[in-house]
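The values are calculated or read from the model by the stated rules, or taken from the named source; none is laboratory data. None of these values were measured; they are calculated from a predicted model. Positions of Cβ are backbone-derived with ideal geometry, glycine not excepted, and every protein chain shown enters the neighbour counts. The protein model used for the area step is the full one, side chains on, heavy atoms only, and it has no ligands, DNA or RNA in it. Shrake-Rupley method; radii C 1.70, N 1.55, O 1.52, S 1.80 Å.
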Amino acid sequence: MSESLESRVLGWLKQQGFHLEMEVASMAKAAGFEVSQSDYYLDPDGGDPREIDLVLSLHNFMGGFSLSYSLFVECKSSRDKPWLLFCTPNELGETLTDDNRFKFIDLQSAFIANDLGSSLLLRSTFNGNVANLYPRLNTVRLLGYGITQAFAKAGDAPFKAMMSSVKAALSHTKRMGMLGLSVPMIFSTPVIVIDVHLLAVSFSSAMNQLQIEEIRRGALFWKHVVGGRSRIGVYIVTKQDLPAFLADCYASAKW
């Protein structure tokens with residue numbers, strides 16, 4: 001094979017996003033996750049088989065109970081089109097208080113889990129274990145309610161990526177739940193990994209203007225109806241922050 005052909009193929013692969021997907025898989029394996037690439041799931045809204053870039057899994061077995069903790073990852077590459085996360089202030093704070101306790105309970109209901117998993121999250125919230133439940137959700141200064149890609153002329157990459165990761169997470173939770181008590185606690189988190197700038201867009205009342213700042217990770221609470229649900233939490237993570245994010249997820253699952 002000539003160097004010219006190899007160079008052309010490598011350039012094309014990078015433009016298509018395959019490089020990012022394989023790089024994320026390598027990072028996840030190094031972080032201790034089981035990795036499945038180009039996995040398939042059944043669309044919860046129609047039953048058709050669809051593909052998800054990556055499924056990252058951890059399984060714990062303790063005291064006769066088992067826990068399934070999975071991340072459903074879509075990888076998106078872009079050279080010069082940053083993603084914009086529209087945000088409002090996060091009022092959860094560093095620690096759980098009576099003032100923000102119910103706000104957090106409302107947020108945790110947006111995360112995907114089976115009934116026993118949701119019960120564990122609820123009890124943990126009331127016991128003051130907020131920092132252990134999700135990848136540092138209570139330390140994020142801004143929470144997202146919408147997302148788009150700047151300068152994009154056609155298509156909606158964020159919408160398609162979220163739809164895929166969310167449907168995969170819902171499908172997995174339903175399928176695993178049908179296994180009964182063999183996997184009693186199931187946690188499924190949609191994640192989108194990007195290799196372009198992620199910008200948080202918020203409104204400053206004091207300055208009466210929009211504010212834009214670059215962030216490495218964002219938590220989005222998507223209100224689009226998917227699989228019968230109208231509120232689902234999705235993480236948007238830059239490639240630069242992925243090792244730290246995976247470490248947080250690993251620690252949360254082990255806890």
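What the table shows:
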| quantity | calculated |
| --- | --- |
| Residues TRP255 and ASP80, FRET efficiency given R0 of 35 Å [Cβ-Cβ distance, rounded to 0.05] | 0.35 |
| Probe 1.4 Å, accessible area per residue of the chain, Å² | 53 Å² |
| Euclidean distance of C-alpha centroids, region 166-236 and region 69-91, integer Å | 8 Å |
| Ranked order, LYS76, LYS153, LYS167 - accessible area, probe 1.4 Å, largest first | LYS153, LYS76, LYS167 |
| Qualifying lysines (Cα of each under 17 Å from Cα of LYS254; at least 8 residues distant if same chain) | LYS29 |
| Largest to smallest accessible area among ASP80, ASP39 [probe 1.4 Å] | ASP80, ASP39 |
| Kyte-Doolittle mean at least -0.5, axial Cα span of 24 Å or more - DSSP H helices of the chain | 157-177 |
| Two-site label geometry, VAL9 and SER26: point separation in nm, points 7 Å out along Cα→Cβ | 1.7 nm |
| Modelled FRET efficiency - R0 45 Å, SER119 with THR148, Cβ distances, 0.05 increments | 0.80 |
| Full-stretch length increase - GLN37, SER66 - with 0.36 nm per residue and alpha-carbon distance subtracted | 8.1 nm |
